[in-house]
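Beneath this line is the structure, given in structure tokens, with notes to follow.
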Amino acid sequence: MIEARNLSKYFEDKKRGRITAAENVSFSAKSGEIFGLLGLNGAGKTTTLRMIAAILKPSSGSALVWGADVVREPEKAKANLGFLTGSTGLYGRLTAREMIEYFGRLYGMPAGKLRSRTDELLRLFNMTEFADIRCDKLSAGTKQKVSIARTIIHDPRAIVLDEPTIGLDVITSRAVVDFIRTEKSRGKAIIFSTHVMHEAEKLCDKIAIIHHGRIIAIGTPDELKSAAGYADLDDAFVALTEGDGNAA
């Protein structure tokens, strides 16, 4: 599983002093579960996910990825984790295949296994015809598929997806959603961050709402709607963040 344990991150600013990006964030995503992390821009989602992925060191607290502590054993944690973030670009001069294989080599995958896994992912995302096209020539949707493929090239046991469908057309978004469901059925622990409420409601077993760096509500989509007194998750989200309320 993935477990966040009182994760906090503070930054010092000369003019504003201490800025709290995340404070005592705790939750867990179990094997075979999709755990949603919802929040407004600047709420602390990406900071939290970067700490879980051992990219950003927490000011306090820690996280476990299949038993590996991200602070004490960052490399072991990363070996079991696939992390997709919207801020990491593709190398334009590499082809789709080269990009995916490059990340596989970073994970130390044997050559034979890397080739077969790359072919498998190219077929899975319907990218075979684009495999040998440079990344800077690909459409936005295909670039995102390449980004996801490189994220899971090593077949990690846990996956963190930060806004994986942002800016995608309906067909590509559906392909990404279908992939997430498949990975869940394979027993992966998945954290899914999104602004698209209907995606969260359809996909997520549980959801945490983060606001001003703190978790203010955790529950199933139905529990969050019930706690806020609304039948629609959009309305429930607005009510909970405006009221800084708590759910089950």
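The values are calculated or read from the model by the stated rules, or taken from the named source; none is laboratory data. Predicted model, so just to flag it, every value in this text is computed and none were measured. When we count neighbours, we look across all protein chains shown, and the Cβ atoms used for this are built from the backbone with ideal geometry, even at glycine.
Checked across the range 140-163, the condition of being in a strand (DSSP E or B), at negative phi and of a type in the set (Asp, Glu) holds for at least one residue. Test Thr20 against the stated conditions and say whether it is at pLDDT below 95 and either surrounded by fewer than 19 Cβ atoms within 10 Å (Cβ to Cβ) or closer than 23 Å to Ile207 by Cβ (or both). So Thr20 fits the description; yes. Look at Thr165 and say whether it is surrounded by 20 or more Cβ atoms within 10 Å (Cβ to Cβ), outside the structural domain of Val70 (by TED's automatic domain parsing) and of a type in the set (Val, Ile, Thr). Judged against the criteria, Thr165 is not a match.
Considering each of Leu161, Leu121 in turn, give the residue that is under 20 Å from Arg186 (Cα atoms) and in contact with a Ser or Thr (Cβ under 7 Å, 6 or more places away or on another chain). Only one candidate passes the filter, namely Leu161. Look through Gly61, Gly67 and report the one residue that is of a type outside the set (Lys, Arg) and either touching a Leu at 6+ places or on another chain (Cβ under 6 Å) or at pLDDT 95 or above (or both). Result: Gly61 is the single residue among Gly61, Gly67 that is of a type outside the set (Lys, Arg) and either touching a Leu at 6+ places or on another chain (Cβ under 6 Å) or at pLDDT 95 or above (or both).
If you go through the range 144-162 and keep only what is buried (at least 20 other Cβ atoms within 10 Å of the Cβ) and of a type in the set (Lys, Arg), you end up with Lys145, Arg150. From the list His198, His212, the lone residue that is in contact (Cβ under 8 Å) with a residue 12 or more places away in the chain, surrounded by fewer than 21 Cβ atoms within 10 Å (Cβ to Cβ) and at positive phi is His212.
Of the candidates Gly86, Gly92, the single residue that is closer than 20 Å to Gln144 by Cα, touching a strand residue (DSSP E or B) at 6+ places or on another chain (Cβ under 9 Å) and exposed (fewer than 13 other Cβ atoms within 10 Å of the Cβ) is Gly92. Within the range 222-231, none of the residues are loosely packed, with under 14 Cβ neighbours inside 10 Å, among the charged types (D, E, K, R) and in contact (Cβ under 8 Å) with a residue 12 or more places away in the chain. Applying the criterion of being small (Gly, Ala, Ser) and buried (at least 18 other Cβ atoms within 10 Å of the Cβ) to the residues of the range 1-17, the residue that is nearest to the chain's Cα centre (by Cα) is Ala4.
Among the residues examined, Arg123 does not qualify as within 23 Å of the chain's Cα centre (by Cα) and either in contact (Cβ under 8 Å) with a residue 12 or more places away in the chain or in a loop (DSSP other than H, G, I, E, B) (or both).
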